[in-house]
Amino acid sequence: MTIEEPDVRPDALMQPPHKGEFLGHPWGLPVIAGTEAFERFSYYGMSALLVLYLTSALLLPGHVEHVAGFAAFERVLTAIYGAAPNVQALSSYIVGSYTALVYVTPILGGLLADRWLGKTRTVTLGALLMSAGHFLMAFDVSFLAALLLLVIGVGCLKGNLASQVGALYGPGDNRAADGFQIYYLGISGGAFFGAMICGTLGEKVAWHWGFGAAGVGMIIGLVIYLFGRRHLPPEAPRMRMVKATAPKMAARDVKVLLVLLALIPVLALGGMSNQQMFNAYLVWANRSYDFVLFGIRWPTTYLVSFDSITGFITMAGAVLFWRWYGTRWREPDELSKIIIGCLLSSSAFILLAVMSQHAAATGAKLPLWIAPVVNTLNNIGFANVFPVSLALYSRSAPRSIAATMIGIYYLFLFGAGVLSGKVGAWLDVMPVGQFWWIHVGTILAAAVLFLVAKLLFGKLLEPVAE
């Protein structure tokens with residue numbers, strides 16, 4: 001499932017409404033949604049290609065020697081993960097590190113916008129850095145520079161776009177919820193077409209065509225943003241560093257804080273398998289599925305396109321299901337939903353483990369229908385983990401540090417990315433069935449730990465009257 005960061009800050013709806021409407025919403029909404037759609041087009045287009053490009057081209061002899069600074073970079077990866085036994089393991093380390101870092105840099109991008117540059121300059125800077133990064137991916141020598149620019153660019157752009165959606169609406173404007181849904185439609189559409197178009201060009205024509213298309217997409221997004229800037233909220237005054245004394249937390253708040261902090265690594269453990277869908281899973285799928293349909297070999301990157309659509313549908317479906325369930329029975333609390341989500345997600349990897357063992361025993365390619373079933377099962381499960389856990393942290397965190405706690409919450413995705421890099425490196429050093437059973441085990445282990453947390457601290461995390 002593709003994961004996006006909604007703006008949950010308390011000041012998100014503090015701007016006044018703006019003049020002019022588009023289909024009942026401020027004109028700024030299609031500007032932001034269009035910009036985000038092309039940003040996600042470029043991001044997921046590149047991400048869909050990255051691990052396949054590394055294992056099929058860049059890390060092979062004749063290419064990797066030309067990458068500037070790669071020897072030093074490999075030493076850093078070895079210090080973090082251990083020595084890579086093969087090309088696939090090294091590619092897993094790189095992809096895992098990249099996906100981990102793009103969930104940390106938006107924190108820095110937010111600080112840059114709030115304290116120094118403002119949102120418009122920071123978003124523009126991020127778009128330019130991402131475009132340059134995509135174009136530099138076309139050359140072996142500049143690969144590491146390209147990754148660095150992409151990581152920083154995503155950090156500058158991502159959160160600073162999302163926060164402007166809420167600022168389009170005045171306090172109490174009920175259109176805000178629909179506005180965010182339209183915004184996420186743009187994200188899903190961008191991810192779908194990015195993986196499809198960039199993936200097709202990269203796999204069928206040449207790798208640099210796919211990366212170049214991602215760069216062009218980001219340029220289009222920047223043009224939309226700059227031409228539509230007059231429809232967006234005015235820049236807020238820069239924040240100034242002032243001395244402030246944080247309110248002292250009550251004993252209960254301290255206990256809640258400790259529990260929430262302790263659950264971060266558990267969330268990372270449960271989310272690792274979802275992050276693997278953009279790493280070792282694509283390498284395994286490229287080898288294992290029969291992608292030939294109607295006499296045509298379809299690109300492996302189409303799996304990412306399908307994932308983006310099913311991710312959006314299952315996320316919306318989970319919300320609707322629990323609303324319907326709540327009208328008839330008592331709705332489970334957040335920890336119970338997260339446990340259910342982990343169990344559902346594990347079923348996807350149980351299917352992978354069983355079918356991969358069968359394929360290894362017979363030597364036959366797996367039918368392609370297995371891929372959408374795996375994606376759908378995983379997305380149904382994770383739709384009950386990611387947004388539900390975000391809601392838990394938003395509701396339970398002590399009010400005096402609520403915004404900080406949300407920033408800390410997203411560190412679980414950093415941990416999940418690092419874990420996916422480490423575990424993904426085992427794909428070619430153990431039986432493939434065992435590899436996927438490890439993923440089943442990590443998800444179930446997280447479910448057990450969440451169950452223990454519910455039994456020990458469920459009462460503590462229950463809502464209390466303000």
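At-a-glance table
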read-out: Checking Lys365 against (1) farther than 24 Å from Tyr103 by Cα; (2) touching a Leu at 6+ places or on another chain (Cβ under 6 Å); (3) of a type in the set (D, E, K, R), the condition it does not meet; value: (2)
read-out: Residue in the stretch 187-206 that is open to solvent by 10 Å² or more (accessible area, probe 1.4 Å), free of Cβ contacts under 8 Å to residues at least 40 places away in the same chain, in a loop (DSSP other than H, G, I, E, B) and out of contact with any helix residue (DSSP H, G or I) (no Cβ under 6 Å at 6 or more places or on another chain) present; value: yes
read-out: All positions within the stretch 295-319 that are under 14 Å from Lys337 (Cβ atoms), among the aliphatic types (A, V, I, L, M) and out of contact with any helix residue (DSSP H, G or I) (no Cβ under 7 Å at 6 or more places or on another chain); value: Ala318, Val319
read-out: Some residue of the stretch 140-149 being open to solvent by 40 Å² or more (accessible area, probe 1.4 Å), closer than 30 Å to Phe435 by Cα and in a loop (DSSP other than H, G, I, E, B); value: no
read-out: Looking only at the stretch 243-284, and only at residues there that are assigned to a loop (DSSP other than H, G, I, E, B) and open to solvent by less than 40 Å² (accessible area, probe 1.4 Å), the one that is farthest from Ser394 (Cα to Cα); value: Asn279
read-out: Matching residues, the stretch 180-239, being polar (S, T, N, Q) and under 16 Å from Pro299 (Cα atoms); value: Thr200
read-out: Subset of the stretch 407-434 (residues that are in contact (Cβ under 8 Å) with a residue 24 or more places away in the chain, over 30 Å from Leu111 (Cα atoms) and of a type in the set (A, V, I, L, M, F, W, C)); value: Val423, Ala425, Trp426, Leu427, Val429, Val432
read-out: Residue identified as out of contact with any His (no Cβ under 7 Å at 6 or more places or on another chain), touching a residue at least 12 places away in the same chain (Cβ under 8 Å) and under 16 Å from Leu150 (Cβ atoms) among Val104, Val87; value: Val104
read-out: Residue within the stretch 80-102 that is surrounded by fewer than 17 Cβ atoms within 10 Å (Cβ to Cβ) and part of a helix (DSSP H, G or I) present; value: yes
read-out: Filter pass, Ile380 being out of contact with any strand residue (DSSP E or B) (no Cβ under 6 Å at 6 or more places or on another chain), modelled with pLDDT under 85 and assigned to a helix (DSSP H, G or I); value: no
read-out: Leading residue by the ranking (nearest to Gly199 (Cα to Cα)) among those in the stretch 285-332 that are charged (D, E, K, R), in a helix (DSSP H, G or I) and over 17 Å from the mean Cα position of the chain (by Cα); value: Arg287
read-out: Search result, residues across the stretch 27-46 that are out of contact with any Cys (no Cβ under 9 Å at 6 or more places or on another chain) and within 20 Å of Met130 (Cα to Cα); value: Val31, Ile32, Ala33, Gly34, Thr35, Glu36, Ala37, Phe38, Glu39, Arg40, Tyr43
read-out: Every residue from the stretch 331-345 that is of a type outside the set (A, V, I, L, M) and more than 15 Å from Tyr281 (Cβ to Cβ); value: Glu331, Pro332, Asp333, Glu334, Ser336, Lys337, Gly341, Cys342
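Each row is one residue, and each column tells you yes or no for (1) farther than 17 Å from Ala262 by Cβ; (2) open to solvent by less than 20 Å² (accessible area, probe 1.4 Å); (3) hydrophobic (A, V, I, L, M, F, W, C); (4) not in a helix (DSSP H, G or I).
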site	(1), (2), (3), (4)
Thr404	no, no, no, no
Ser420	yes, yes, no, no
Met430	yes, no, yes, yes
Gly433	yes, yes, no, no
Trp437	yes, no, yes, no
Val440	yes, yes, yes, no
Val452	no, no, yes, no
Leu455	no, no, yes, no
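Listed here are the residues, each with its yes/no results for (1) closer than 30 Å to Val259 by Cβ; (2) open to solvent by 10 Å² or more (accessible area, probe 1.4 Å); (3) touching a residue at least 60 places away in the same chain (Cβ under 8 Å).
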{"site": "Leu320", "(1), (2), (3)": "yes, yes, no"}
{"site": "Gly326", "(1), (2), (3)": "yes, yes, no"}
{"site": "Asp333", "(1), (2), (3)": "yes, yes, yes"}
{"site": "Ile339", "(1), (2), (3)": "yes, yes, yes"}
{"site": "Leu343", "(1), (2), (3)": "yes, yes, yes"}
{"site": "Leu351", "(1), (2), (3)": "no, yes, no"}
{"site": "Met355", "(1), (2), (3)": "no, yes, no"}
{"site": "Ala360", "(1), (2), (3)": "no, yes, yes"}
{"site": "Ala364", "(1), (2), (3)": "no, yes, no"}
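The values are calculated or read from the model by the stated rules, or taken from the named source; none is laboratory data. On a predicted model such as this, the values are computed, not experimentally measured, just so you know. Neighbour counts are summed over all protein chains in view; Cβ atoms, including those assigned to glycine, are modelled from backbone coordinates with ideal geometry. Just so you know, the surface numbers come from the protein's heavy atoms only, side chains and all, with ligands and any DNA or RNA stripped out. Shrake-Rupley method; radii C 1.70, N 1.55, O 1.52, S 1.80 Å.
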